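Everything below concerns the one structure shown next.
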Amino acid sequence: MQYKDFGKFLRYKRTKDLPNKSLNSFAFDNNIEPAILSRVETLKQDIKLSVIEKIANAYKIKISELMKEYEDFITVK
C-alpha cells in the first residue's frame, strides 16, 4: 500500500472532523510540532509512527482504525 497521500488524508480529516480547530491548535493540543504536522499535510515530509499514534489518540481511536479510514479515503479518491 502507498502512503504518499497520508498527509492529504490527515488534512481532510482534521478539517472535516474539527472544522473550527486550526492546524496549530490541533498540533499544540496533541503535543505535535506544528511545523512537522504542516510539512506532513503538505506532503513535504514523511510521518513518523509516533506522530500517527498522537493523531490517533487525539481522535480517541486506535492506529489501525485511523489507517482503515485512510484506506477508505484513498479508495474513494
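Some observations on this one:
- In region 22-37, the residues that are of a type outside the set (Gly, Ala, Ser) and part of a helix (DSSP H, G or I): Leu23, Asn24, Phe26, Phe28, Asp29, Pro34, Ile36, Leu37
So that you can scan it fast, the table gives a plain yes or no per residue for (1) of a type outside the set (A, V, I, L, M, F, W, C); (2) in contact with a helix residue (DSSP H, G or I) (Cβ under 8 Å, 6 or more places away or on another chain):
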position	(1), (2)
Arg14	yes, yes
Ser25	yes, no
Asn30	yes, yes
Ser38	yes, yes
Val51	no, yes
Ala58	no, yes
Glu71	yes, no
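- Qualifying residue in region 8-18 (condition: surrounded by 12 or more Cβ atoms within 10 Å (Cβ to Cβ), part of a helix (DSSP H, G or I) and touching an Asp or Glu at 6+ places or on another chain (Cβ under 6 Å)): yes
- Flag if Glu71 is modelled with pLDDT under 95 and either touching a Ser or Thr at 6+ places or on another chain (Cβ under 9 Å) or in a helix (DSSP H, G or I) (or both): yes
- Filtering region 43-68 to residues that are within 11 Å of Leu10 (Cβ to Cβ) and modelled with pLDDT under 95 leaves Leu43, Ile47.
- Residues of region 38-68 satisfying the condition of being more than 22 Å from Ser25 (Cβ to Cβ) and assigned to a helix (DSSP H, G or I): Leu49, Ile63, Ser64, Glu65, Met67, Lys68
The values are calculated or read from the model by the stated rules, or taken from the named source; none is laboratory data. These figures come from a predicted structure and were not determined experimentally. In this analysis, Cβ positions are derived from the backbone assuming ideal geometry, glycine residues included, and neighbour counts consider all displayed protein chains.
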